[in-house]
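These notes are about the structure you will find just below.
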């Protein structure tokens, strides 16, 4: 049986830059796949490019998110509209290695609920990007791995595969930034569910500007960071705690 995977990409005014990213993904992924590129509005300049591409390849599905603006809502919307049991989230800027999508998906197929592409494990690397962002991300990832034993040294990386059933069970409470990867890793840890990782080499985007808002999003990351520590919880307790964290942001 061929593995099926839904690839969710949040996008914001990527324009023509999205096309080579899509080409690389379709060329690299051997699994049966669909790509869901999610934008926030009909005026996003990525949308005409996506619709033209879809006419050539029906595996691409442009979606206009109605959950609210921002990457967290776009990712939530994409996961909710995925047509397979395994979802991989990757970025529209081409910084992630699409050849690893199959490997991440296979880890989920084998039973992990979160499979992370890790820049900070042996064999991984981060090339480029702002120094402060790199330092904070690495510090958070390594400390969560060694102290909270979350199962990955790169909990903040967005490039991850998920069991869609797990995501639906625990819910997603993030509403603005890219902290979903950390949120779901922390929830898996508190439930004592398996998380795994493979090394990845992340390359900073060549075209356009990053939409990562460091100062605004740090407090939200910190709340999920703290949540990763603690005793085992039930699903109901995790969902309740997630709602409290979201209400506090």
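Derivation of every value follows stated rules applied to the coordinates shown; laboratory data play no part. Nothing here was measured: the structure is a model prediction, and the numbers come from that model. Cβ placement follows ideal geometry from the backbone for every residue including glycine, while neighbour counts extend to all protein chains displayed.
Taking the Cα atoms only, what angle lies between the long axis of helix 214-227 and the longest principal axis of the chain, rounded to 10 degrees? In the chain, helix 214-227 runs at an angle near 50 degrees to the longest axis. Treating the angle as unsigned and between 0 and 90°, give the value, to the nearest 10°, between the Cα long axis of helix 180-190 and the longest Cα principal axis of the chain. The two axes meet at around 40 degrees.
Computed over the Cα atoms of the chain, what is the ratio Rg over Rh, Rh following Kirkwood?
Details: Rg = 16.7 Å, Rh = 17.9 Å.
Rg divided by Rh gives 0.93.
Tell me, what is a quarter of the convex hull surface for the C-alpha atoms of the range 98-246, in nm² with one decimal? Walk me through the numbers before you get to the answer.
On the way: hull surface 34.3 nm².
Reported value for the Cα convex hull: 8.6 nm².
Nearest 5 percent is fine: what portion of the DSSP beta bridges confined to the range 96-227 is antiparallel?
Working: 3 of 11 bridges.
Rounded to the nearest five, the antiparallel share is 25 percent.
Distance between the pseudo-spin-label points of residue 134 and residue 168 (7 Å out from Cα toward the beta carbon): 4.1 nm.
Beta carbons within 10 angstrom, averaged per residue: use that to sort the peptides 91-97, 70-76, 146-152, highest first.
Details: 91-97: 22.1, 70-76: 24.3, 146-152: 17.9.
Highest mean packing first, the order is 70-76, 91-97, 146-152.
Could you work out how far helix 131-143 tilts from the main Cα principal axis of the chain, as a 0 to 90 degree angle to the nearest 10? Computed tilt is about 50 degrees.
Separation of the range 117-135 from the range 163-191 is 22 Å, based on Cα centroids. Simple spin-label estimate for residue 43 and residue 235 gives 4.1 nm between the two label positions (7 Å along the Cα-to-Cβ direction from each Cα). Take every Cα pair under 8 Å whose residues are at least 6 apart in sequence, average their separation, divide by the length of the range 4-247, and the relative contact order is 21 percent. Of all the options 64, 108, 88, the one that moves most in a Gaussian network model of the chain with Cα springs shorter than 10 angstrom is 64. DSSP bridge analysis restricted to the chain gives an antiparallel fraction near 25%, rounded to the nearest 5.
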